[in-house]
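Heads up, the thing below is written out as structure tokens.
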Amino acid sequence: MVDYKFTLAEARETLKLIRAQIDQLRQAQAKLREAKHKLSELNRRHLNNGRIGDAELGHVQRRQRQLGETVSQIVREIHETGAVVKGIDDGLVDFPSTIQGLEIYWCWKVGEDDIEWWHPRNTGFADRRRNSNLPPGATGANVGESTP
């Protein structure tokens, strides 16, 4: 993962670039959940003396593995931008920053139009605060920090 600190403007620009990946990630995660459910169902039938074809079981296992690899790859690609995936199902993404010496995340989730929230890095989503509550001029900084 890239160690990058975003200004609010940079986080917003990065969000524009990764929105499609976030949608793809959520879709792949949903399909992975379906494959896991199907595999569990097939194994349960097998344990109850039901007969299942090796081909069907193998197909579902391969599909599950493929979807797991897809999910992992998309997460890696998003992390390479410096953004941090915090919740796939919710589409929760954080962007590290520092405001007046405080380590924070700009916080966004699917369904929100823009990045309007932040929280200290040592807390989570439940402690989100509106950007409008920041001190005047506090938009995050990467001055003197490493950039990708």
Item to check | Förster radius 41 Å - calculated FRET efficiency between ALA9 and ARG62, Cβ distance, rounded to 0.05 | outcome: 0.40
Next on the checklist: Can you return the lysines within cross-link range of LYS109? Criterion is Cα-Cα under 21 Å, with same-chain partners fewer than 8 residues away left out.
Outcome noted: LYS5, LYS16, LYS31, LYS86
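Bear in mind these aren't lab numbers, they're just calculated from the coordinates by the rules spelled out. Since the structure is predicted, the reported quantities are computational estimates derived from the model, not experimental observations. Neighbour counts run over all protein chains shown; Cβ positions are idealised from the backbone, glycine included.
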